[in-house]
Each structure stands twice: as C-alpha cells, then as structure tokens.
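The values are calculated or read from the model by the stated rules, or taken from the named source; none is laboratory data. Since the model is a prediction, treat every value here as computed from it, not as a measurement. Note that we place each Cβ from the backbone using ideal geometry, even for glycine, and neighbour counts take in every protein chain shown. SASA here: full protein model, heavy atoms, side chains in, ligands and nucleic acids out. Shrake-Rupley method; radii C 1.70, N 1.55, O 1.52, S 1.80 Å.
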Amino acid sequence: MRRAVVSSAATAAGIVLLLSLKPHGGAGAAPVISSGGTGGATDTSSGSSSGSAGSSGSSGSSGSSSTRTVTGDAANTRYGPVQVKVTLDGSRITNVDVIQYPSNDHRDQEINSYALPLLNQEAIAAQSAQIDVVSGATYTSAGYTRSLQSALDKAGR
Amino acid sequence: MTPVLRRAEPVMGTVFSFAVRDPGPDTAQVLDRIAERLHRIDAVFSPYRTDSDISRLDRGELGLDACDPQVPAVLAACREVAAETDGWFTERPGGRLDPSGWVKGWAIEEAARMLHASGSREHCVSGGGDVQTAGGPWRVGVAHPLRPGRLAAVLGGRGLAVATSGTAERGAHVVDPHTGRPAGGLASLTLVGDPGTGIARTDAWTTAAFAMGPDRALAWAARRPGVEALAVLPDGTKRWTDGLPRHLPPAGPADWHPAAAS
C-alpha cells in the first residue's frame with residue numbers, strides 16, 4: 001500500500017496546504033484524500049472515520065460555530081462514482097475530502113492520485129489567492145468538479 | 001467584492017473550466033451558450049466520432065465544400081502552424097486526419113472570445129490544463145510531470161496563454177511527425193504566449209515543440225517572438241528560455257513546493 005503526502009506552501013502568505021493521499025483498494029467510505037487546513041482554523045481530516053458516504057446535507061462539526069461540512073452528490077463517471085465532502089468556515093472552503101472515488105485498476109489509481117490532489121489544490125488554493133488554475137492537469141475528473149459543485153450549491157455559497 | 005463565478009463542463013474527452021472575476025447578470029447564460037458551442041465544435045471536429053465532419057471528410061464521404069464552414073479555416077490554420085514549426089506539427093498524426101492539436105486551443109480561445117463579447121474583461125478559461133487568461137493578474141500553476149500533485153512552477157501575468165504537453169497523465173501521446181514514433185527527451189514542456197499570441201497557437205506550438213525534444217524546442221521558442229518556454233527533463237532538470245522569468249510572479253519562486261519542506 002502506498003501512502004503519499006503532498007504538501008505545498010506559499011511563503012508569501014505563510015499559508016500551508018497539506019494534501020495527503022492514502023489509496024485503498026475499492027471505493028472506500030473513509031476520506032481517502034484530504035486537503036486543507038488554512039491557518040490552522042480547521043482540522044477535520046481525521047474526524048470522519050464513520051464516513052457516511054451516501055448522506056448529504058450539513059452536519060456540524062465540533063469546532064468553531066461557523067464551521068460546517070457539506071457532502072456533494074456522488075457523480076458517476078465512466079470510471080465509477082466520485083464524491084466529495086467540503087468543509088467550510090463561513091463561506092470559505094477550508095477542506096475538501098474525496099470520500100468516494102473509483103480505483104478498480106492500477107491505471108485509475110494513477111489517474112486519481114494525480115488528478116484529485118491537483119483539483120483539491122485548485123479548489124482550495126483558488127481562494128487563498130495563490131493559484132487560480134493549473135496547467136498540465138489534463139486528466140481532470142469531471143466527477144470531482146460535479147460533486148464539488150453540488151456540495152457548494154447545497155452550501156449556498 | 002463580487003465572488004468569482006466558476007463553472008466546469010466535461011467535453012472533448014476532458015474538462016473545460018471557467019473562472020469569471022467580473023460576472024454580470026447574464027454570465028451564467030453566456031456559460032451555457034459556451035458549453036453548447038464547445039459540444040458543437042466536438043461534434044464537428046472530433047476524430048473519435050465516426051459521424052463528425054472530420055471523420056467523414058477523412059473517409060471521403062464528405063467533400064470539403066459540404067463540411068461545416070469552419071473546417072476549411074481550421075485545416076488552413078493547421079498548415080500555418082506546420083509552417084511556423086518547420087513541419088513539427090501535423091494535422092495527420094499517425095496518418096488519420098486529426099486536427100485536435102489545433103482545435104482544443106482554438107475552442108478555448110472561442111470560449112474566451114464569447115466571454116469578452118459578453119462584457120467580461122477578467123476571466124480564465126482552461127481546457128484540460130491549457131489555459132487562456134484575460135485581465136488579471138492570474139496565477140497559473142504548472143503541474144510537475146514527475147511529482148504527482150506538485151507544481152513545477154507558478155506563472156503569473158495578465159492576458160497570458162499557458163499550454164503544457166507532457167507524458168505524466170496520458171503517457172507518450174505526442175508523435176514525432178518525422179518518425180511516427182512517440183516523442184522522447186522531455187517530461188513536459190510548457191509554453192507561455194503573450195497576450196497577442198493566444199492559446200490556439202500556443203497550444204499547437206507546444207505539441208510541436210514537445211515533439212522536437214528539449215534542445216530544438218528551447219532554441220525554437222527563443223527565436224520566436226511572443227512565446228517563452230519551460231522544459232522539465234526526464235531527470236527533473238528544468239530549462240527555460242531567457243524571457244520566461246518575466247512571467248514568474250515577484251513572490252513566486254520557480255520551485256514553489258519545496259518551501260513546505262522547511
């Protein structure tokens with residue numbers, strides 16, 4: 001089993017993004033990819049071991065009162081379903097967990113291990129004003145963006 | 001402050017994404033129209049669809065006169081790019097008619113043009129990792145071809161076009177038009193086009209220059225006005241043209257990610 005920890009920091013603002021990736025065989029319910037935590041405001045990456053993958057809507061986490069998590073719809077792709085859970089502090093995304101993703105074969109895992117963290121980086125970095133877009137990430141997951149969009153729609157953001 | 005309007009549309013076998021910093025009341029509808037336009041371009045130009053104009057033209061079932069009126073213009077553009085790159089670009093990679101090397105960048109440019117026509121002056125359009133920005137500055141990360149999830153560089157500027165060809169995600173998919181074999185020598189090549197260059201040319205040039213290999217690609221980009229290059233070699237070494245550093249944001253080192261290690 002492979003474990004990769006990818007971290008990036010922008011020195012200018014002192015903001016640290018931490019992406020961790022723990023591929024499992026099969027679509028897992030636990031968060032397999034977690035990214036986020038800006039300025040130490042939130043840390044939910046280890047808080048959802050029960051992982052209700054099918055649920056949607058808001059569930060308050062025991063942090064500051066403005067922190068909430070919203071689970072996006074599972075988006076079907078030709079590789080299988082992709083589903084994300086977004087943590088928001090107010091209207092700001094602080095964390096995106098990929099709670100379901102296709103990993104039926106090695107190639108899919110390669111694609112996911114590459115594309116999903118990049119997308120996470122885009123989603124979170126986009127608001128830290130560090131990175132607006134990534135060039136070279138061609139195999140982006142349509143499922144990720146759809147699930148993320150549905151989560152943000154539910155969050156009313 | 002107006003929030004950035006973001007949208008993603010799966011089309012052409014990849015994902016197009018849009019970020020509009022100055023959205024108006026009609027922007028959402030404009031994005032709907034852009035999505036329709038992109039699907040229409042795919043229907044006409046995709047070599048993977050047997051019923052596309054391009055496939056039917058290639059099989060001799062359709063004359064050029066009977067094709068969508070944009071087909072002759074696209075094929076003419078492909079010939080221009082072939083001439084500009086000393087024959088390192090071809091609309092027949094692998095033998096079959098396949099102008100995708102021009103069409104995707106052109107589609108991104110069309111989308112940006114439609115946003116401009118709707119009044120937007122601050123937007124960013126990405127077609128599967130090839131990017132056209134308007135206004136700005138925008139910060140564009142360049143995916144590291146050898147370190148998944150990391151960035152090889154961060155580029156910044158106004159009105160830039162950024163395209164990357166690489167082997168990381170799709171394997172060796174760029175063919176050397178002179179030998180018909182997969183191009184080697186580069187892990188990835190990124191070209192940055194000035195505001196006057198546009199993503200259609202920048203993207204097609206990137207495909208051609210990737211096939212050239214590092215030495216020829218960098219020399220070619222250095223000679224050509226309006227474009228700069230960043231090459232990542234298979235051993236991780238980076239090389240770039242003299243003008244590239246003016247596209248690096250003041251606070252953004254070329255090696256953005258190792259800062260986390262400290």
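Laid out as a table, the results:
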{"read-out": "In region B:114-133, the residues that are more than 14 Å from chain A (Cβ to nearest Cβ), open to solvent by 10 Å² or more (accessible area, probe 1.4 Å) and either more than 16 Å from B:R40 (Cα to Cα) or of a type in the set (V, I, T) (or both)", "value": "B:H116, B:A117, B:S118, B:G119, B:R121"}
{"read-out": "Condition broken by B:R79, with the remaining ones in (1) farther than 21 Å from B:R113 by Cα; (2) touching a residue at least 12 places away in the same chain (Cβ under 8 Å); (3) assigned to a loop (DSSP other than H, G, I, E, B) satisfied", "value": "(3)"}
{"read-out": "Candidate set from region B:187-220 (those that are over 13 Å from B:T85 (Cβ atoms) and crowded, with 24+ Cβ neighbours inside 10 Å); member that is farthest from the chain's Cα centre (by Cα)", "value": "B:S188"}
{"read-out": "Any hit, region B:224-243, residues being part of a helix (DSSP H, G or I), modelled with pLDDT of 90 or more and under 16 Å from B:V131 (Cβ atoms)", "value": "no"}
{"read-out": "Of the criteria (1) at pLDDT 95 or above; (2) within 14 Å of chain A (Cβ to nearest Cβ), which one B:C78 fails", "value": "(2)"}
{"read-out": "Residues (assigned to a helix (DSSP H, G or I), β-branched (V, I, T) and within 30 Å of B:G119 (Cα to Cα)) located in region B:16-63", "value": "B:T27, B:V30, B:I34, B:I41, B:V44"}
